[in-house]
Amino acid sequence: MYRIKFNNALLGGAALSVAMSISGVAQAQQTPAGTSVNNQATVSYEVGGTTQSVSSNVATFVVDKKVNLAVAEVGGAPTQTALNATDQVTTFTVTNLTNAVQDFRLEADQQSVSIPLLGTDNFNMNNLRAFVDSNGNGTYDAGVDTQTYIDELAPDATVTVFLVGNVPNTPGIETAIVSLNAIVATGGSSGALGADLVASSTLVADSPSTVEIVFADDTGLLDQPRNGQQRAFDAYHISTAVVTMVKSATVISDPVNFLVNPHAIPGAVVEYCMKVSNAGPGTASNIVLTDAVPANSTFVPGSIAVGTSGTLGACILLGTSEDDNATGADETDLYGGSFDGTTVRATLPTVAPLASMSVAFRVTIN
Amino acid sequence: MSYLLFIAALANAAPAPGQVEIHASVLAEARAPATDGTTRVTLVPAARITPGDRLVYRIEYRNNGKQAATGLVIANPVPAALQYAGPADGAPAPELSVDGQTFGPLSALKIRSGTTLRPATAADIRVVRWRLAQPVAAGARGQVSFRAILK
């Protein structure tokens, strides 16, 4: 009889706790920092046939701040870009795994490490900056996504961050490896970046009634464990060949001065030189040059030459002479060249990165 | 409001401050590698607690009266932020409940979801309870405890 009564009394208390817990459970996965966790036990007993019930003190502690974050690169592949391109974007996400709202300071870093999936770094981006995807559309919008730090990120929330930079106009560059370093900062003041969090010293006795800061972030490449920071890597990659051509004209001889300081007078022979340069990093292939013979000049038959570029005024260093028709073995002896009556045409199978090839032909001034 | 009334009624019904006194305390499990390669778990005051940490709740009881107390039933609601993780080392296993109505071992508990019943898991436990079979003699004391993980 008594036991039944005890049970009922206990069930009353238990039912109370169930009602409270249901409303409190459907929150974030982690218990928010600053939550007071209270526990109170009850005991029922009988003495000399009398039922008594008493509650204990409340055992309590405050949940401390467990600082953690995740930074990830989006896409899994380098951003393809080109020489001299501006506002080139690599994309990352930052997730707040802390059990509290935090700010995050963002650092856009140039790296010189080599990462197998990204390539070997051999240049740095210019004016590399980090911007938050303020409008949340996953795409960098210049002038719209201008926030340079993450403001008030809720627990378990993720935000997209862009690294934006300009590619220098330097021949030969191929891969720039960059990284985004996110540093957990103090939250709570909307519209302003808080100070970097500092872990509570483990040498100081902690208090059950205050929120201590405990770093719980993992280690990573170039990242120390439990430092309140995480880093992820991405790269810019220039995959295309950048081919440029420069055309120049040199007077070879004239009917008066012959080869000594010739002038461009009627009857003079002029050599046109077209220099094709490849700034890389890819190899340019199947290049076809066409150039109409200028007015008031006459093509010199058999004057086409194609080969590697010369120096000190010489157009060709090492090449082949081409006849004027478009057939025969001379069209496939590495290079090709022809003249159809109005236009000079030359073919180059490949131009290697940072190399140049030239095409020369001569005309007589009418 | 009804809860408040209920508590008030309970307080009024209870006789003068009891002979049996209970005291609840919360401790944290601190893990440290021992020289023999194992991990040594020690209990420290619950000060630096973050989600995922393991806690031990200890409930000490003492009979301050001059007569033996019988039929001791100690009930402890599991705080909402905690997940029950079994009895503490050396402590008797409590009876468990997911609803405060039915108590038993975890394997006997079911959760109703819609029209079906599924077995309860440790995450569903809302109340733990110990029923002491032996009377607590005058002046005697003892303790029960359970482990929990901060969600």
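The values are calculated or read from the model by the stated rules, or taken from the named source; none is laboratory data. This one's a predicted model, so the numbers in the text were calculated from it and none came from an experiment. Using ideal geometry, Cβ is built from the backbone for each residue, glycine included, and neighbour counts are taken over all protein chains shown. Accessible surface areas use protein heavy atoms only, side chains included; no ligands, DNA or RNA. Shrake-Rupley method; radii C 1.70, N 1.55, O 1.52, S 1.80 Å.
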Report, to the nearest whole %, how much of the accessible area of chain B belongs to carbon and sulfur atoms, 1.4 Å probe, protein only.
-> 57
How large is the accessible surface per residue of the protein assembly as shown, computed with a 1.4 Å probe and reported in Å² as a whole number?
-> 48
C-alpha long axis of helix A:2-25 to longest principal axis of chain A, angle in ° = 20
Toward the positive end of the charge dipole of the protein assembly as shown, about the Cα centre and with charges on Cβ (Lys, Arg +1; Asp, Glu -1), which of A:T320, A:M245, B:G52 goes farthest?
-> B:G52
How far is it, in nm, from the label point at A:T343 to the one at A:V74 when both lie 7 Å from their Cα along the line to the Cβ?
-> 4.6
Per residue of B:96-104, other chain Cβ atoms within 10 Å number on average 3
Cβ-based charge dipole, the protein assembly as shown, positive-most Cα from A:G119, B:L72, A:N278 = B:L72
Ellipticity estimate at 222 nm from DSSP helix runs (n ≥ 4, -39,500 (n - 2.57)) divided over the protein assembly as shown, nearest 500 | -2500 deg cm²/dmol
Reachable lysines from A:K247, criterion Cα separation under 29 angstrom, eight or more residues apart if same chain | A:K275
Reachable aspartates and glutamates, given that their alpha-carbon falls under 15 Å from the alpha-carbon of B:K110 and they are not under 8 places away in the same chain = B:E95, B:D99, B:D124
Calculate, for B:T42 and A:T210, the FRET efficiency according to 1/(1 + (r/R0)^6) with r their C-beta to C-beta distance and R0 30 Å; round to the nearest 0.05.
-> 0.85
Chains B and A together, accessible area buried on both sides, 1.4 angstrom probe, square angstrom | 4100
What does the charge count near B:L96 come to, summing +1 for each Lys or Arg and -1 for each Asp or Glu among other residues with Cβ under 14 Å from its Cβ?
-> +2
So how strong a dipole does chain A carry about its Cα centre when Lys and Arg Cβ are +1 and Asp and Glu Cβ are -1, to the nearest 20 debye?
-> 900
Among the lysines, select those whose C-alpha is under 24 Å from the C-alpha of A:K66, and discard any that sit fewer than 8 residues away in the same chain.
-> B:K151
Amide H neighbours of B:L55 at under 5 Å, excluding residues fewer than 5 places away on the same chain, with H built from the backbone geometry, are B:E29, B:A148, B:I149, B:L150
Built amide H within the under 5 Å cut-off of B:G65, gap 5+ | B:G139
If each of B:Q134 and A:V144 carries a label point 7 Å out from its Cα toward its Cβ, how far apart are those two points in nm?
-> 7.4
Could you sort the residues of segment B:33-52 by number and keep only those whose accessible area is reduced by 10 Å² or more in the all-protein-chain setting relative to the chain alone, 1.4 Å probe?
-> B:A46, B:A47, B:R48, B:I49, B:T50, B:P51
